[in-house]
């Protein structure tokens, strides 16, 4: 899928390109996706603008029609830095829903297709960078290592008001290491706000890139087919957990709705894992099969506990006798839920 096809399928309203004055072509395009981030976007933009580099970089700032004051802050910064910030003003009519929920996917993909830098860096509008040499370090690495297509680093997790209350790092690592698609299938090892990657696959995205959550991990898996991935052991950014963040699950009070949401998640993960396995030409089938078994097991347990025996049997077809034997205790617990709740 290229930019033209993307817009043909998903763009219902023209995206407004705010006036921008490019002096020379940037080496790096920094993508910032924001929506309802009035309390955070200034800190995000300041962290990017404070980067000390020996190259030109641009900020592609996409606002998803925020109503809390975020858009006004974005306009203020675009006016103040017209040679640095390219501001895209989006309409909610273009929003891409995944599993019935609005996402920032159109905003992100539009910015990704619009990037002109040799490299792309990412930072969501509610996160921020704290190392003023972050970009320089990562670009120095990629410029010196042509066989690498992406590098990332560590960071700190804070709560809504910006304290280190969680006491966590993004990764529990103390040295540099390489990772690959297999590692990413098991777990995303590169947080969005930490990555810089080469800009050379933007016209060759598979159609399913807009259909599943976790677009960042999918992007890294695609990149891994063109070169190596590297984690650099330094802390350069802060990831913010808050109720409006995409990684904070809203609490569903209705038990039935909560269970149904879980089921949709497991079915969606199965479709995603099948798509990834096919894209990777089954190179990591052992890993994807393990993930598939896990999800089919969860579906079996939930459907059985809901007394949806036909759907439980459908899930059971994907599990072997050995799988069932190793999961005997969980199955017994599912029986108990039916007869003793």
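Miscellaneous remarks
- Residue 147 without any contact (Cβ under 8 Å) to a residue 60 or more places away in the chain, more than 30 Å from residue 71 (Cβ to Cβ) and assigned by TED's automatic domain parsing to the domain that holds residue 30: no
- Exactly one residue out of 187, 198, 230 is without any contact (Cβ under 8 Å) to a residue 12 or more places away in the chain and either more than 18 Å from residue 272 (Cα to Cα) or in the same structural domain as residue 47 (by TED's automatic domain parsing) (or both): that is 187.
- Selection within the range 176-207: residues that are within 18 Å of residue 156 (Cβ to Cβ) and part of a loop (DSSP other than H, G, I, E, B). The member of this set that is modelled with the highest pLDDT is 195.
- Some residue of the range 94-104 being surrounded by 15 or more Cβ atoms within 10 Å (Cβ to Cβ), within 20 Å of residue 195 (Cα to Cα) and touching a strand residue (DSSP E or B) at 6+ places or on another chain (Cβ under 7 Å): yes
- Residue pairs whose Cβ atoms lie under 9 Å apart, separated by 6 or more positions or on different chains, with the first residue in the range 295-313 and in the same structural domain as residue 260 (by TED's automatic domain parsing) and at positive phi and the second in a helix (DSSP H, G or I) and exposed (fewer than 15 other Cβ atoms within 10 Å of the Cβ), are 307/338.
- The set of residues in the range 41-92 being part of a loop (DSSP other than H, G, I, E, B), surrounded by fewer than 23 Cβ atoms within 10 Å (Cβ to Cβ) and either touching a helix residue (DSSP H, G or I) at 6+ places or on another chain (Cβ under 6 Å) or touching a residue at least 60 places away in the same chain (Cβ under 8 Å) (or both) consists of 50, 51, 52, 53, 54, 55, 65, 82, 83, 91.
- Scanning the range 251-283 for residues that are without any contact (Cβ under 8 Å) to a residue 12 or more places away in the chain, surrounded by 13 or more Cβ atoms within 10 Å (Cβ to Cβ) and not in a helix (DSSP H, G or I) yields a count of 1.
- Residue count, the range 101-133 (criterion: in a strand (DSSP E or B), modelled with pLDDT of 95 or more and more than 14 Å from the chain's Cα centre (by Cα)): 4
The values are calculated or read from the model by the stated rules, or taken from the named source; none is laboratory data. Here the structure is a predicted model, which means the values were calculated and not measured. For neighbour counting, all protein chains shown are included, and Cβ atoms are generated from backbone atoms with ideal geometry for every residue, glycine included.
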